1. Output needed for segment 330-442: three equivalent-ellipsoid semi-axes, defined as square roots of 5 times the C-alpha gyration tensor eigenvalues, in descending order, whole Å.
2. Would you please give the residues with an amide H less than 5 Å from that of residue 231, counting only those at least 5 places away or on a separate chain, with H modeled from the backbone geometry?
3. I need the peptides 72-85, 267-280, 136-149 ranked by packing, meaning the mean over residues of other C-beta atoms within 10 angstrom, with the highest value on top.
4. I want the local charge near residue 211. Using Cβ-Cβ distances under 14 Å, sum +1 for each Lys or Arg and -1 for each Asp or Glu among the other residues.
5. Under 5 Å between amide hydrogens, which residues at least 5 positions from residue 162 or on another chain qualify, with H placed 1.01 Å from N in the peptide plane?
6. Treating the beta-carbon of each Lys and Arg as +1 and of each Asp and Glu as -1, no other charges, what is the dipole magnitude of segment 330-442 about its Cα centre, to the nearest 20 debye?
7. Using only the alpha-carbon atoms, what does the chain span along each of its principal axes? Please give whole angstrom values in decreasing order.
8. To the nearest 20 Debye, how big is the dipole of the chain about its Cα centre, given +1 on the beta carbon of each Lys and Arg and -1 on that of each Asp and Glu?
Amino acid sequence: MKTTFVTAAVFLFACKSPAPAETPQNIAVKQAPEESYQKSIDDSAKKMLERGRDIFRDESFGSEQFWGDKLRLHEVIAGEKHGGTGQGLTPRTALALGLRVDFGRVPSALGDVIKGGTLSFDDAENTNNLLKHDAVVGVKAFYEGDRMVSVGITCALCHSTTDDNFGKGIGRRLDGWPNRDLDVGKIVALAPNLKPIAELLGVDVATVKKVLESWGPGKYDAELLIDGKAFRPDGKSAATLIPAAFGLAGVNLHTYTGWGTVTYWNAYVANTQMHGVGTFFDPRLDDAKKFPVAARAKTGHARPKVDHVTENLAALHFYQLAIPPPKPPDDSYDKRLAAQGQALFNGKATCARCHVPPLFVEPGWSMHTAEEIGIDDFQARRSPDERYRTTPLRGLFVRAKGGFYHDGRFATLGDVIDHYDRHFKLGLTENEKTALANYLRSL
Ligand code: HEC
Ligand code: HEC
């Protein structure tokens, strides 16, 4: 654009002397308003960020057509008084299932009761009140007057938590922090009608319940509905830990097994896991041997008439890339040991070979075979590239609950380090291991 204007201006200048004020540069500036173009970029960034935040927190992508209309989950949440069945979901049960309350959205009268410590945790009326104000993180209830008519879910359900400032599970919202208390399986199992899941998997409802019960808090299986594999060969649940959705900018591949970019995965989850209504294309899922459920259901070829997903992907992507990894509290690690640990990380312990600072993942195709990292290949083989992706390590301190590695097989950072020490024959001393653990806690 700019070249054209300048050429045109020079041409003009050559033909006909312009008035003194109309220098070629002036004309170029007038016609190619770079400042306002720059401003339009800044404005767009701001808009994408704000819209992306709203989507991350509140967009249900039409998933209420599944969770509410089909599974009828809203009926047990609402209770008889609000158009459902039974007593409804009490705050006590909701919090015990790991659900979180965003205090910023609690209506002030109820907020005072919570602050005063007199909230009745056994009254489902309070849950309904919170839901009407979208104050239960990630749960989007739809009301017609006082009747709950459906319920959908949002990304924040699994990928946000609260700072517990006003009691366990009640506080300010922390976007991107994985909710390692959330028992997704138990929540889904509350639904009166699990047939749609059973039919998709080609099993009976009792089996679906057994699988949902097997996940446990902080875990979810994002591949079950495409490959039907609920248990590992050793009989343990095939679910993985809910990962962080912060510190993702600069990281090429996402999920524990590197399914694709952030926006690939967002489309995958919104359509195939949250059961939102939208377009999704992935012919890799046509592989009937590896993904029998998806191949049968044509999961990789979703193109409904209405699309509640695609229009949200750009801003949602942008927002996630903007979420920085949280900084660990100063007193949560020993600074002197962390400095020693840093030298080990980059030197003798060879961690930086894969976890390249400051991203702590390789720029490029950051994928490794199971043998390379010394574990079994069960989860890797459930993905297209059959490898594990190097996990970015910043903000480890907020996701210690549930353990480390995709399935939480290592309970502590010390266990992770012991594993690498054995597998890579690093010959680390106990002091060196402690230093390395302190460095990891400082990231
Ligand atoms: C029911 C819980 C749940 C919901 C809802 C959910 N996710 Fe996830 N998310 C997971 C789990 C579990 C994984 C790990 C999947 C894997 O590795 O196979 C994951 C992985 C991710 C990752 C990859 C992180 C990394 O380390 O690369 C991103 C990004 C992400 N989710 C974003 C989202 C967004 C955006 C939404 C909403 C569209 C969403 N998720 C909805 C549970 C959930
Ligand atoms: C060959 C590449 C490679 C090397 C070398 C390596 N890692 Fe890893 N790291 C990975 C991969 C891949 C994963 C993901 C494993 C999984 O989730 O099952 C991982 C996961 C981790 C995790 C778990 C993160 C989480 O949130 O679950 C920690 C902690 C970690 N590595 C620390 C280290 C340390 C410390 C070293 C050096 C002693 C090291 N890594 C060396 C590739 C590597």
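Nothing in this text is a laboratory measurement; each read-out follows from the coordinates by a stated rule. Remember, predicted model here, so these are calculated numbers, not experimental data. Because the Cβ atoms are built from the backbone with ideal geometry, glycine has one as well, and the counts that use them run over all protein chains shown.
1. Working: eigenvalues 109, 44, 41 Å².
With the √(5λ) rule applied to segment 330-442, the semi-axes are 23, 15, 14 Å.
2. Under 5 Å from the amide H of residue 231 lie the amide H atoms of 238, each far enough along the sequence or on another chain.
3. Values: 72-85: 20.9, 267-280: 22.6, 136-149: 18.7.
Ranked by mean Cβ neighbours within 10 Å, highest first: 267-280, 72-85, 136-149.
4. Working: positive: 186, 209, 210, 219, 229, 232, 236; negative: 183, 204, 213, 221, 223, 227.
Cβ neighbours under 14 Å give a net charge of +1.
5. Placed amide hydrogens put 174 under 5 Å from residue 162.
6. Working: 16 positive and 16 negative charges, 42 e Å.
Rounded to the nearest 20 debye, it is 200 debye.
7. On the principal axes, the chain reaches 86, 66, 55 Å in Cα extent.
8. Values: 55 positive and 54 negative charges, 95 e Å.
I would put it at about 460 debye.
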